[in-house]
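Colleague: Handing you this structure, nothing more for now.
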Amino acid sequence: MLFKFHLHRFRFFVAFVLGMALCGLLPKSAHAQLREDSAPAILLANLTPMPQHTDVHDEDYEDTQAKFQATYIWQRHGAFSERRPSTVNSANYSGAYPLYSLPKQQDKSYTATFTGYFGFRPWTGGELYLNPEVTQGVPFGGSLTGLGGFYNGEITRAAGSRPTIYRQRLFLRQTWNLGGGSEEVESDLNWMAGSVDKNRFVLTAGNFSVLDVFDKNRYAGDPRRQFMNWGNMNNVAFDYAADSRGWGWGAAGEWYQGDWVLRFGRMTGPKRPNELPTDFRIGKHYGDQLELEHDHEIAGRPGAIRATAWRNRANLASFRDAINYGNTVGWTPDATNGMEYILNVRNGERTKYGFGVNIDQEISDNLGVFLKGMWADGRTETYAFAEVDRSLATGVSISGAAWGRGNDTLGLSYLAHFLSKDRREYLEKGGISYFIGDGWLNYKPEQVMESYYSAKLNKALWVTADYQYVRNPAYNADRGPIHIVGVRFHAEF
C-alpha cells in the first residue's frame with residue numbers, strides 16, 4: 001500500500017501539531033514595520049543543507065526528527081573614505097528623503113538565531129517538517145542598505161534588538177522511488193536518515209524557500225557553516241520569489257534519473273516588492289524556476305553542474321519608466337517618495353527573468369572548487385532579493401586535514417556584481433532604489449573577496465573567523481574600500 005500510516009508515530013504527531021499551532025499564534029517579525037520607520041531591510045532564508053548520500057548504511061533509519069541549531073555572528077567594519085561630488089544636492093537626500101548608503105563611519109553588526117527542526121514520516125515516502133525560529137539582530141547603520149551583495153546571510157533575519165519568534169518552514173516532502181539501486185540519506189537538518197532509490201521523483205510542497213531546492217552548491221551555500229556573503233550563499237543575481245524573510249508557498253518537483261536531475265517549481269512572492277505580506281494569487285503573480293543538473297566524475301573526483309532559468313511575474317516598476325519620470329520632474333524630490341521614483345511608477349504587471357550556472361568540483365581529498373554565474377534582464381526593480389543584475393562567484397574550499405585538523409575548513413572566494421544599463425542610469429541620475437542609492441554613482445562593478453576559517457571544536461560546536469574586502473560598495477568607485485571582519489559561533493544538537 002503506497003500510503004501506509006505508521007500509527008506508533010502519532011504521539012510525535014501530537015507534539016508536531018501543538019508546535020504548529022504555537023507558530024500560528026506567534027507574532028509577526030518586527031521587520032514588517034521597518035520599512036515605514038526607516039531605510040529598508042530584508043529577511044531571507046537560511047538554507048536546508050544539501051542531502052548527503054552514501055553507499056554504506058551509516059545510521060539507523062529515522063521516522064522522527066528533533067534537531068536544533070544556534071548561530072551568533074558579530075561583524076565590524078572600519079571607517080572608509082567617500083569622495084562626494086560637489087554637484088550633488090544634499091537637500092535631495094536628507095530629512096524626509098532617505099539616502100540608502102552604507103554609513104562611512106566605523107560600525108558594528110550582530111545576529112543571533114535559534115531554530116528547531118521537527119519532522120516525522122506520516123506515511124511511506126512522506127516527510128513533514130516544521131521549523132520555528134527565534135531571531136534578533138542589527139545590521140550596519142541600523143538598516144540593510146548600501147551594498148549589492150550583503151555581508152551576512154544571517155542579517156537577513158535582523159528584525160531588531162528584541163527577539164522575534166516566527167514559523168520559518170512548514171512543508172511536505174514526498175518521494176516516489178523508481179529503481180536504479182539504493183543510496184542512504186544521512187541525518188541532517190530537515191533530512192531524516194533513510195534509504196532512497198537513485199532514480200526517484202521528489203515533490204516538495206508547502207512553506208519553504210526556493211533555495212532549499214534550487215541553485216545549491218557543495219562548497220558555497222550555507223551562511224551558517226560556510227561563506228557568509230550573499231554572493232557565496234547563492235547566485236546573487238537570482239531574484240527568486242519570496243516574502244521579505246525569504247520564504248514562499250508553492251511546490252517543486254525533482255526527477256532523479258541516473259546522473260541527471262530535472263527540477264521545476266512555482267512559488268509565491270510578496271504583494272509589494274521586497275516586503276513581508278505574501279501574494280497568494282499564485283496563478284497571477286509568481287516565480288517559476290527550471291533547473292537541470294548533471295553529476296559527473298573527473299579523474300575519479302565527483303562534481304556537478306547546474307543550469308538554472310527563472311521567471312517572475314508581478315507588479316513591478318520599470319527603471320526606464322522611473323528615468324522618464326525623473327526627467328519630467330527635473331530630478332527633484334517627490335513629496336511622498338523623495339528620489340525613490342520606482343515607487344511612483346510601480347503601475348503595471350511585468351516579467352523579470354534570468355539564467356545561471358552553478359558548478360562544484362572536488363579536486364583532491366582536501367580541496368574543492370566552485371564557480372557560479374548569473375545574468376538577469378535588469379529592466380525592472382528588485383522583486384525579492386538583491387540589487388544585482390549580473391553576478392560571478394568563484395572560490396576554493398580546503399579541508400583542514402592537510403594540517404591535521406580534518407574537521408576544519410578554510411574558504412577563499414572572489415565575487416563580482418554588475419548592474420544592468422537601465423538600473424545603472426537610474427542611479428547615476430540620482431535615483432534611489434530599494435537597497436542602494438548614494439545620490440550619485442561613479443559606476444564600477446562591486447567586488448568582494450571573502451575568506452573564512454571554520455574550526456570544529458567538538459561534535460556540536462564550530463567557531464569561524466571571517467574577513468571580507470569590499471571594493472566599490474553599491475557600485476560606487478567614490479566610496480570605500482570597506483574591510484569587514486567577523487566571528488561566527490554555530491552549534492547543532
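The values are calculated or read from the model by the stated rules, or taken from the named source; none is laboratory data. From a predicted model like this one, the values you see are computed outputs, not experimental measurements. Every residue, glycine as well, gets a Cβ built from its backbone with ideal geometry; the counts of neighbours run over all protein chains shown.
Colleague: Cβ-Cβ below 6 Å, separation at least six or inter-chain, first residue in the range 151-167 and over 10 Å from P139 (Cα atoms), second at pLDDT 90 or above and part of a helix (DSSP H, G or I): which pairs?
Modeller: Matching pairs, first to second residue: G153/M233.
Colleague: Hey, another quick one. Restricting attention to the range 205-214, does a residue exist that is crowded, with 19+ Cβ neighbours inside 10 Å, in contact with a Ser or Thr (Cβ under 7 Å, 6 or more places away or on another chain), in contact (Cβ under 8 Å) with a residue 40 or more places away in the chain and in a loop (DSSP other than H, G, I, E, B)?
Modeller: Yes, the range 205-214 contains a residue that is crowded, with 19+ Cβ neighbours inside 10 Å, in contact with a Ser or Thr (Cβ under 7 Å, 6 or more places away or on another chain), in contact (Cβ under 8 Å) with a residue 40 or more places away in the chain and in a loop (DSSP other than H, G, I, E, B).
Colleague: Also, I was wondering about something else. Of the residues A401, A386, only one is closer than 21 Å to E340 by Cβ and not in a strand (DSSP E or B); which?
Modeller: A386
Colleague: Next question, about the same structure. On the basis of being of a type outside the set (A, V, I, L, M) and either free of Cβ contacts under 8 Å to residues at least 24 places away in the same chain or in a loop (DSSP other than H, G, I, E, B) (or both), does G395 make the cut?
Modeller: no
Colleague: Restricting attention to the range 88-139, report how many residues are out of contact with any strand residue (DSSP E or B) (no Cβ under 7 Å at 6 or more places or on another chain) and within 30 Å of Q174 (Cβ to Cβ).
Modeller: Number of matching residues: 2.
Colleague: Ok, one more. Report yes if some residue within the range 467-488 is in contact with a Leu (Cβ under 6 Å, 6 or more places away or on another chain), under 24 Å from G141 (Cα atoms) and polar (S, T, N, Q); otherwise report no.
Modeller: yes
Colleague: Do we find a residue being in contact with a Pro (Cβ under 6 Å, 6 or more places away or on another chain), touching a residue at least 60 places away in the same chain (Cβ under 8 Å) and not β-branched (V, I, T) anywhere in the range 477-488?
Modeller: There is at least one residue in the range 477-488 that is in contact with a Pro (Cβ under 6 Å, 6 or more places away or on another chain), touching a residue at least 60 places away in the same chain (Cβ under 8 Å) and not β-branched (V, I, T).
Colleague: Ok, one more. For residues that are closer than 16 Å to Y353 by Cβ, charged (D, E, K, R) and in contact with a Ser or Thr (Cβ under 8 Å, 6 or more places away or on another chain), tally how many sit in the range 250-299.
Modeller: Residues that pass the stated criteria total 1.
Colleague: Run down L392, L415, L419 and say which single residue is hydrophobic (A, V, I, L, M, F, W, C), modelled with pLDDT of 95 or more and surrounded by fewer than 24 Cβ atoms within 10 Å (Cβ to Cβ).
Modeller: Only one candidate passes the filter, namely L392.
Colleague: Please find, among A314, A307, A322, the residue that is in a helix (DSSP H, G or I) and in contact (Cβ under 8 Å) with a residue 40 or more places away in the chain.
Modeller: One residue alone meets the criteria, A322.
Colleague: Spot the failing condition for N274; the list is (1) modelled with pLDDT of 95 or more; (2) farther than 30 Å from A465 by Cα, and only one is missed.
Modeller: (1)
Colleague: Can you confirm whether the range 262-284 contains a residue that is polar (S, T, N, Q) and exposed (fewer than 15 other Cβ atoms within 10 Å of the Cβ)?
Modeller: no
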